[in-house]
């Protein structure tokens, strides 16, 4: 199976301790299985609360396996690289798996994207044109 993961994704990652689950938005580009992109998420430790933090991602897709590393902007005080390893569902709308920091802290994550409605609209237009 070879699915292009390019596009906008919404997700959530869960902490192993007392922090609440954190939602994020990702914009991915999939170039022949190489994945690059950006992630935006709330900065749980910002003062005042509510600031967003950005991170770059770099990884790979092979079949249903998706792996990538997330690198935060170190100027914001986050220096740990986060490793993500997950599985893509059959219609390429969900990636679920585990994230890890330095092999001693980890949790689960889920990323989703809407089913491509553009293809359905185009197919419907072609069908109507053939009547």
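The table for this structure:
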| quantity | calculated |
| --- | --- |
| Rh (Kirkwood; distinct C-alpha pairs) - region 15-85, Å | 13.3 |
| Label-point separation, residue 90 to residue 62 (7 Å along Cα→Cβ), nm | 2.4 |
| Mean projected area in nm² (Cα convex hull; one quarter of hull surface) for region 49-112 | 5.1 |
| Residue list for region 67-97, given a label point 7 angstrom along the Cα-to-Cβ vector of residue 108 and an amide N cut-off under 11 Å | 96-97 |
| Alpha-carbon Rg/Rh ratio, for region 7-129, with Rh computed the Kirkwood way | 1.05 |
| Euclidean distance between Cα centres, region 26-58 to region 66-107, Å | 10 |
| Two-site label geometry, residue 73 and residue 36: point separation in nm, points 7 Å out along Cα→Cβ | 1.9 |
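Read-outs throughout are calculated quantities, based only on the coordinates presented, and are distinct from any laboratory measurement. Note that the coordinates shown come from a computational prediction; the quantities given were computed from them, not determined experimentally. Cβ atoms come from the backbone with ideal geometry, glycine included; neighbour counts cover every protein chain shown.
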